[in-house]
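Quick notes on the structure that follows.
The values are calculated or read from the model by the stated rules, or taken from the named source; none is laboratory data. From a predicted model like this one, the values you see are computed outputs, not experimental measurements. Positions of Cβ are generated from backbone atoms using ideal geometry, with glycine treated the same way; all protein chains shown enter the neighbour counts. Each accessible area value is taken on the protein alone, full model and side chains, heavy atoms only, with ligands, DNA and RNA left out. Shrake-Rupley method; radii C 1.70, N 1.55, O 1.52, S 1.80 Å.
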Amino acid sequence: MQALKYIYTLLFIISIFSCVSRKDIVYFQNDQIDTTKTIKSYKTVFKPDDLLRINISASDLDAVKPFNLSSVTYASTSNSSVGTPQQLSYLIDNEGYVNFPVLGKLQFAGLTRAEAIKLLENKLDPDYVKNPSINISISNFSITILGAVSKPGRFTIPNERITVLEALGLAGDLDIGAVRNNVKVHREENGTKKTYELDLRSNSIFTSPAYYLQQNDVV
């Protein structure tokens, strides 16, 4: 019985390979592209619903304390804090603002990391903190992979930088019978939904705006 099951499985795999040509499954076939249009860099652009960790440091430790708040959990019986305090994260609201300590509401949506850091530097120096050092990261940067892959699901990306190829690698790659010339990336840009179509068989993917994925993209 086990032998028959093995034979049937083997025949099924052979039948799939016989129906799928090599041209349909090979990535990056030798088509010519304009190399000047290749996407060579990536910048994170903050969006509503991003959860930001913002750390501000300076030589004057007392000056930065109001801007580095911690969140704590309190025991219901003793009303005392339990566990290790964690740095507070800031949610970008639907209108694109972060409610930041002392400084109030700041527009972060649409800014790159460098632009957001410059905004905070201008707000802090010299009135509150002299020569601040600022680090901003997204704590909920994630992408979703669906469809004919080995491990579909939602993946958290700690370094905030991932290509569509790396994302498919996380999901175990496309199945052998998957359609590789019509991979879609769904993205929200400036409040509107946008869909990019990618042909993984072609080198043209390296020129696509969707080659580098953004937070909350769905592939």
In the range 182-191, which residue that is in a strand (DSSP E or B) and at pLDDT below 90 is surrounded by the most Cβ atoms within 10 Å (Cβ to Cβ)?
188
Residues in the range 130-144 that are over 15 Å from residue 52 (Cβ atoms) and in contact with a Phe, Trp or Tyr (Cβ under 7 Å, 6 or more places away or on another chain): how many?
1
Restricting attention to the range 54-69, the residues that are in a helix (DSSP H, G or I) and either surrounded by 14 or more Cβ atoms within 10 Å (Cβ to Cβ) or of a type in the set (Asp, Glu) (or both) number exactly 4
Scanning the range 134-181 residue by residue, those over 15 Å from the mean Cα position of the chain (by Cα) and open to solvent by 70 Å² or more (accessible area, probe 1.4 Å) turn out to be 135, 146, 150, 151, 152, 179, 181
